[in-house]
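One structure below.
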């Protein structure tokens, strides 16, 4: 079980005053304080860890958010920023003496500028909501985490989220132009701007992926792109995980950058097919979803070369999507993959590590061995093109022993990622989940340097503490 | 998701069913995005995932429901948009149905609410009482402005009066229990659920259905002693009246199935269809013979649009130059997963068909929701009407009387899909469409 810091007795003692203070700023409708109503906020998408917060605050404007932070800072109260609560690393896990600030009510799109290709949106707009607002005009926002239907852009910034199409377009950090942030002192700051490369230090780079520990994001200016003329996905089915892994390495090694290159193993294929009815090959041990885009001629040329490379690995089948509906079903299955595993297992831990693509066959074999060792099934679903693994370890939360084995299994996988030259996190963030493994990646000196940055923004460590850094020194 | 039911608790069939629903949920949060109340209210507690958690805690505790939980479960429309979105296949419908029943049995609502819910449950399913009540409402309408709207009760009374039509259509003999013979050679034989509120509010829907089917060579039986299917009271958690109504319907249809036989049990009010198709689950603990009958009825139940696709529909009139904005009732698209059939039929009939933005969002009707939660329902109505009108249609079509009532009164004709199909297949022009429109 994850350790959380001792609640501050002083904070707990003045709970009523804190809630009254929040209600002065947000009225009754913006504050949740009753035990029964706090319960559903006790966890995010990582269900293994739970802790109801002291209260939940739901601001509707940047000014309200600033007032709430100013007040909580004065009172020395810890703050947990929360978007849609879809984090798989426990990024929004509350603390008993902490106030969760939910950004769901700040869900307006403020400006779309096609000439200069940017959009300004509030932090609580969903990732897909941005694209939905401009799709009919032929534009889109590129990073597409699998939870894009629900996850919010503020959280994407906090975790520097990726997604299937980041192989070509880069992750959140590569698609941001500016942020409106609120510091723990309640100061509202604009960083970046409406174009690439703002003047001065790259504050945007520093804040992106800082997991809500440096400031809270209230508005985001994103780069938007014109959609390609068209896209097509190919399904390539293979006889083993290792063979499919080797094929990925071959494609990437050849210099082709498909717009997406996704991997699913047998358990994942079956669960997703059940949900999406995409016609995934059920006889395959491993499946690659390879998408290319551009004009029809470009698509044909790329698919032809990729097909030839797949053929070197004795595929069971290769099928190119024939219609927009077919492509939609293929992606519906892939994007719903984590949830779809809920069909075959009551609970899962979704891991998130990154490895050099050349190590894929080895890592997949080792994960298979670990699965036997821990007697737990695993479904492998991941962004193979950029070596971002998402093994889903299946367990039963009603069985404590199975959960402990799952935790150990997960830690082993992440350590393996570091061992082969990769890293602990791809796009889900460290959160609480990987906090205690940070020593595997960084030396104490490196961690101290990072802690110093946090202290510079947040001297009292009120913003999303107990995450990212091992607890001992926090 | 982890659950904490005792072995004793799991012996209860409802708890056992809810436990397995909860165990399927992995708390991914996808459902929040497509939930109408979450989109409007921006609170986890008003999202499916939040409600699932509140319900889990309530059921596990075994204690009476509390105001905090009731507030958020009451705000759920049961539109089931979450079930379309859920990758894990969580049966939210069964869970929330259980929660509503649990609340009804363990929670004492304030008396004005109790009174109102009791009255709705007693009046709406009975056409005679409902007609009487609507006449009363029409008389009371001029006084609506005098009702103080500072309280929820005041708002609800206002909502009730504003939903009541000023003038009721005349009663229709076609809806009474009888057999409508097929024209020409008989190709099939079906039972039609005429519905309860629908028979009073818009008899033209059943008339159009019967005309269209008989013209297509289908014999249409309206069995005696089938009133409400039970959906209305079922959604209010009123278990016993719901089961009694459902039982009467099952008995009536079974008599026909075992008599001259039925190819289908047709439903043209999709809210009812979702419930009738769930009879197998509702009667899972009934004596084996009754459970088997319920299952058989559920398997034969079909929406009118499903059935028309099955038997084939062709228009007889030249295509009208009309654009129809199709509003997909939640009970059709989410409850029964019928999405393309009504649109395909309308296109076959010769209409241009357009759809609003966010077609997955509810219009706010949701059974008695527009009376019990007038504010949220009003916001959803405005939003839906705006997105429908954005597409510049000549009229709106929907497959559910609830939605039709909710969206009417805004200057745009709102018709049942089947009325348009009947018209194009040789039936009379629906009254709602003026001569000048064609």
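When residue B:160 is tested against (1) without any contact (Cβ under 8 Å) to a residue 12 or more places away in the chain; (2) in contact with a helix residue (DSSP H, G or I) (Cβ under 9 Å, 6 or more places away or on another chain); (3) closer than 23 Å to residue B:381 by Cβ, only condition (1) is not met. Evaluation of residue A:255 against the conditions (1) modelled with pLDDT under 90; (2) out of contact with any strand residue (DSSP E or B) (no Cβ under 9 Å at 6 or more places or on another chain) shows that the sole unmet condition is (1). For residue A:190, the criteria (1) in contact with a helix residue (DSSP H, G or I) (Cβ under 6 Å, 6 or more places away or on another chain); (2) part of a strand (DSSP E or B) hold in every case but one, which is (1). All conditions in (1) more than 14 Å from chain B (Cβ to nearest Cβ); (2) over 19 Å from residue A:168 (Cα atoms) hold for residue A:298, with the sole exception of (2). Among the residues of region A:53-80, the ones that are touching a residue at least 40 places away in the same chain (Cβ under 8 Å) and within 14 Å of another protein chain (Cβ to nearest Cβ) come to 10 in all. The set of residues in region B:345-368 that are farther than 22 Å from residue B:385 by Cα and touching a helix residue (DSSP H, G or I) at 6+ places or on another chain (Cβ under 7 Å) comprises B:345, B:349, B:350.
Scanning region A:38-65 for residues that are within 16 Å of residue A:84 (Cβ to Cβ) and in a helix (DSSP H, G or I) yields A:40, A:41. The residues of region A:11-37 include none that are touching a helix residue (DSSP H, G or I) at 6+ places or on another chain (Cβ under 6 Å), more than 14 Å from chain B (Cβ to nearest Cβ) and outside any helix (DSSP H, G or I). The single condition among (1) outside any strand (DSSP E or B); (2) under 30 Å from residue A:25 (Cβ atoms); (3) more than 14 Å from every other protein chain (Cβ to nearest Cβ); (4) over 20 Å from the mean Cα position of the chain (by Cα) that residue A:157 does not satisfy is (4).
Can you name every residue in region B:32-43 that is in a loop (DSSP other than H, G, I, E, B), at the interface with chain A (Cβ under 8 Å from one of its Cβ atoms) and in contact (Cβ under 8 Å) with a residue 24 or more places away in the chain?
Of region B:32-43, the ones in a loop (DSSP other than H, G, I, E, B) are B:34-35, B:42-43.
Checking which are at the interface with chain A (Cβ under 8 Å from one of its Cβ atoms) leaves us with B:34, B:42-43.
Scanning region B:32-43 gives a single hit, B:34.
Take residue B:69 and tell me if it is within 7 Å of chain A (Cβ to nearest Cβ) and part of a helix (DSSP H, G or I). Steps first, answer last, please.
Numbers: within 7 Å of chain A (Cβ to nearest Cβ): yes; part of a helix (DSSP H, G or I): yes.
The answer is yes for residue B:69.
Which of the residues spanning region A:99-132 are farther than 26 Å from residue A:465 by Cβ, at the interface with chain B (Cβ under 10 Å from one of its Cβ atoms) and either in contact (Cβ under 8 Å) with a residue 12 or more places away in the chain or part of a strand (DSSP E or B) (or both)? Answer for region A:99-132, where residues must be farther than 26 Å from residue A:465 by Cβ, at the interface with chain B (Cβ under 10 Å from one of its Cβ atoms) and either in contact (Cβ under 8 Å) with a residue 12 or more places away in the chain or part of a strand (DSSP E or B) (or both): A:107, A:126, A:127, A:128, A:129.
Counted as qualifying within region A:352-453 are the helices (runs of 4 or more DSSP H) with 1 or more residues that are modelled with pLDDT under 90 and more than 16 Å from the chain's Cα centre (by Cα), namely A:360-374, A:438-441. Hey, any hits in region B:256-264 for a residue that's over 18 Å from residue B:345 (Cβ atoms), part of a helix (DSSP H, G or I) and touching a helix residue (DSSP H, G or I) at 6+ places or on another chain (Cβ under 7 Å)? Yes: one or more hits. Looking across region A:309-337, the residues that are surrounded by 15 or more Cβ atoms within 10 Å (Cβ to Cβ) and either at pLDDT below 85 or in a strand (DSSP E or B) (or both) come down to A:318, A:319, A:320. Considering the conditions (1) in a strand (DSSP E or B); (2) under 24 Å from the mean Cα position of the chain (by Cα); (3) away from every other protein chain (no Cβ under 13 Å), residue A:89 is excluded by exactly one of them, (1). The listed residues are B:89, B:62, B:50, B:29, and the only one of them that is without any contact (Cβ under 8 Å) to a residue 24 or more places away in the chain, at positive phi and either facing chain A (nearest Cβ under 7 Å) or touching a helix residue (DSSP H, G or I) at 6+ places or on another chain (Cβ under 7 Å) (or both) turns out to be B:29.
The values are calculated or read from the model by the stated rules, or taken from the named source; none is laboratory data. Because the structure is predicted, anything quoted here is derived from the model rather than measured. Every residue, glycine as well, gets a Cβ built from its backbone with ideal geometry; the counts of neighbours run over all protein chains shown.
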